[in-house]
Amino acid sequence: MKIKYLLPILFTAVLLFSCSNNKSEKTKEEVSTTFKYEVEQFADIKILRYQIPSFDELSLKQKELVYYLSQAGMSGRDIMHDQNYRYNLKIRRALENIYQNYEGDKTSEDWNKFETYLKRIWFSNGIHHHYSNSKFIPKFSKEYFDTLLKETNTELTGEAYDVIFNNADTKKVNLDADKGLIKGSAINFYSPNVTAEDVDVFYASKIDKEDETPIEYGLNSKLVKKDDGTLEEKVWKVGGMYGESIEKIVSWLEKAVTVAENEKQAEALKLLIEYYKTGDLETWDKYNIAWATSTDGDIDYINGFIEVYNDPKAFRGSYETVVQIKDFEMSKKMAVVSENAQWFEDNSTLMDNHKKKNVVGVTYKTVNVASESGDSSPSTPIGVNLPNNNWIRQNHGSKSVSLGNIIEAYNQAGGTAKLKEFAFNEAEIAAEIEYGQLADKLHTSLHEVIGHASGQINPGVGQPKETLKNYASTLEEARADLVGLYFLPSEKLVEMKISPNAEGIGKAAYDGYIRNGLMVQLVRLNLGDDIEEAHMRNRQLVAAWAFEKGKENNVIEKVVKDNKTYFVIRDYAKLRVLFGELLREIQRIKSEGDFEAGKTLVETYGVKVDQAIHKEVLARNSKFKSAPYSGFVNPVLVPETDAEGNITDVKVTQPTNFAEQMLDYAKRYTTLPDVN
Ligand code: ZN
């Protein structure tokens, strides 16, 4: 599971106003004034940089490990493009060729539009928007594009050419079953002739519902229908589909093994290598157990086909890597949350038989990112909780990390103007400035550590993706968010010395959540669009449900002041009770596999947008130039070597602009054919 950034405006660069005389905070401010977080802005995208604060404290061996893991990660970059759409690599490479070789006018409006189109493709790892899933419509003409192709001797023909301008494959992931979950999705996880029914039949015969330790079926393959009508999994492994990239990944992982920090870490890396060589999902499980229980090192990583959000049938994993260095100070503080996991479980609003009697191995870490690729880049999560396989989580525990330097960069790049536009009054603004950032950190940790780890499924009921199907992700995120919301105003956090003030934190968190869920997050959608993305659906579901259920008692009041709408919380205590009720119900849905109830909740509260409010939000937001989505370039890790080629140091530099890094990656990490 990954947690995404709520919205830059909620948690702004308020350290300046709120921090005390704390020395480390001061150092941070000093650092941030000399570091340029913002790189550039285009379309609806803002590109930022991040720093790696703990890098220089690492030993040479650890730096080498970070470098090898980073190279392994980058080596799979092109896989993500191909997974997203079968012609993405072909199109991207053609456009890159034009970009580097065109000798005509590069100051014209047309060229500008072409450049923006290419940057959007780089940012989204393909021709579909990373968040809305809709295909980009180029703003330049077909005729102009033909000229560029001709003058640079670039070849792009057939479907790959046509799709740029026509009405085919307009959605990357379609969750509207009426349009056909697979037929309506452009994602390259199924050959175009496979239907959702084919997938159901294929896996129904494979999945043993009685198996208490099932593998993640279909996670690392493309499902294709052959001419004779039979279905076959084309497995992503050495010698299989994406074999050229995976061989490179493996060769860098083998170097990483030689500098592993400890035996357990080396063991996990070896299992990952074996998995990539064989494609065996039993080995993937063994690897995940080894990885989840390997917690001693300062360096950690995520590498593999992991999140299934991009598959409308929720089987196939997108390629992803994150390389992380432990944030020693924050981790110590937050370890206390996971030490109290059982207290949270015992004191939650879940029905008794849905509570875990022993919450196992919940670890919480704040890390600093050193490198990201695939599904995590340039658009990045801010927290991750893995592995995803439920029985491994229950029996062996899971790792939960918050990406500290990424969150820091988001916060430093923000401003308070938008907060002032959407917050109801001075008190709400002041509370956000004083407690907003910390409330957000606490919510992230509670969401990841306690939320995703909490609750149990009734015996005999299948995994959520089988029972709750296309609603599973939204409901799971809602469940985790609600655990956090329920406990944020708790005195227990003050006792645990991680919250300064139960009431202050609670109010700031609730104000921010309602403001975002009912209004602010809508800036990301075009007027008339439904909400598609799981995290966005979950936030509106939670906020809209609470608004509706609290109407009788005026818990949240819709106020119109100077022609502007605000959702103002009038009773925080009652709102907390409502959050607790919804948590209990969503856990019941998960525990019992109640598809109909889950569907009703999501469809009623999470999908449709109030058109009048949406229109108003867009109008109020239009005066802010800041793009609604942000993502990151990676710092560049440059090894220094001696005469024999041994690494003697690794230096960190920053790219000057987005195109430079994308072209560099395209050159250095290109292994796959145009069409796979
Ligand atoms: Zn989550």
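The values are calculated or read from the model by the stated rules, or taken from the named source; none is laboratory data. Since this is a predicted model, take the numbers as computed values, not measurements. As a convention, Cβ positions derive from the backbone with ideal geometry for all residues, glycine included, and neighbour counts pool all protein chains shown. Note: accessible area is taken over every heavy atom of the protein model, side chains too, but ligands, DNA and RNA are not part of it. Shrake-Rupley method; radii C 1.70, N 1.55, O 1.52, S 1.80 Å.
Yes or no, residue by residue, for (1) among the polar types (S, T, N, Q); (2) assigned to a loop (DSSP other than H, G, I, E, B); (3) modelled with pLDDT of 95 or more:
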site: Asn153; (1), (2), (3): yes, yes, yes
site: Ala160; (1), (2), (3): no, no, yes
site: Val163; (1), (2), (3): no, no, yes
site: Asn188; (1), (2), (3): yes, yes, yes
site: Gly218; (1), (2), (3): no, yes, yes
site: Leu223; (1), (2), (3): no, no, yes
site: Glu233; (1), (2), (3): no, no, yes
site: Ile246; (1), (2), (3): no, no, yes
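Pairs please, first residue from the stretch 479-500 and touching a residue at least 40 places away in the same chain (Cβ under 8 Å) and over 22 Å from Ala544 (Cβ atoms), second anywhere and more than 15 Å from the ligand (Cβ to nearest atom) and of a type outside the set (A, V, I, L, M, F, W, C), Cβ atoms under 7 Å, 6+ apart in sequence or on different chains.
Partner pairs satisfying both residue conditions: Leu493/Ser499; Met496/Asn340; Ile498/Lys333.
Which one of these does Arg584 not meet: (1) in a helix (DSSP H, G or I); (2) in contact with a Pro (Cβ under 6 Å, 6 or more places away or on another chain)?
Checking Arg584 against (1) in a helix (DSSP H, G or I); (2) in contact with a Pro (Cβ under 6 Å, 6 or more places away or on another chain), the one that fails is (2).
Taking the conditions exactly as written (modelled with pLDDT of 95 or more, more than 16 Å from the ligand (Cβ to nearest atom) and assigned to a helix (DSSP H, G or I)), does Asp481 satisfy them or not? Spell out how you get there, then give the answer.
Numbers: modelled with pLDDT of 95 or more: yes; more than 16 Å from the ligand (Cβ to nearest atom): no; assigned to a helix (DSSP H, G or I): yes.
So Asp481 does not fit the description; no.
Can you tell me which condition Val336 does not meet? The list is (1) closer than 23 Å to Arg393 by Cα; (2) part of a loop (DSSP other than H, G, I, E, B); (3) among the β-branched types (Val, Ile, Thr), and all the others hold.
(2)
From the set of residues in the stretch 37-55 that are β-branched (Val, Ile, Thr) and under 20 Å from the mean Cα position of the chain (by Cα), which is surrounded by the fewest Cβ atoms within 10 Å (Cβ to Cβ)? Steps first, please.
Let us first name the residues in the stretch 37-55 that are β-branched (Val, Ile, Thr), namely 39, 45, 47, 52.
Filter once more, keeping what is under 20 Å from the mean Cα position of the chain (by Cα): 45, 47, 52.
Values: Ile45: 23, Ile47: 24, Ile52: 20.
Checked the stretch 37-55; the qualifying residue surrounded by the fewest Cβ atoms within 10 Å (Cβ to Cβ) is Ile52.
What's the number of the condition His128 fails, among (1) open to solvent by less than 30 Å² (accessible area, probe 1.4 Å); (2) touching a Phe, Trp or Tyr at 6+ places or on another chain (Cβ under 6 Å); (3) of a type outside the set (S, T, N, Q)?
The number of the failed condition is (2).
Which condition number in (1) open to solvent by less than 10 Å² (accessible area, probe 1.4 Å); (2) part of a helix (DSSP H, G or I); (3) within 16 Å of the ligand (Cβ to nearest atom); (4) modelled with pLDDT of 90 or more is the one that Arg393 fails?
Of (1) open to solvent by less than 10 Å² (accessible area, probe 1.4 Å); (2) part of a helix (DSSP H, G or I); (3) within 16 Å of the ligand (Cβ to nearest atom); (4) modelled with pLDDT of 90 or more, only one is false for Arg393: (1).
Hey, could you check the stretch 441-469 for residues that are more than 29 Å from Gly512 (Cα to Cα) and polar (S, T, N, Q) and say which is farthest from the ligand (Cβ to nearest atom)?
Asn458
Only residues that are open to solvent by 20 Å² or more (accessible area, probe 1.4 Å) and touching a Pro at 6+ places or on another chain (Cβ under 8 Å): list them for the stretch 477-514, please.
Scanning the stretch 477-514 gives Val494, Glu503, Lys507.
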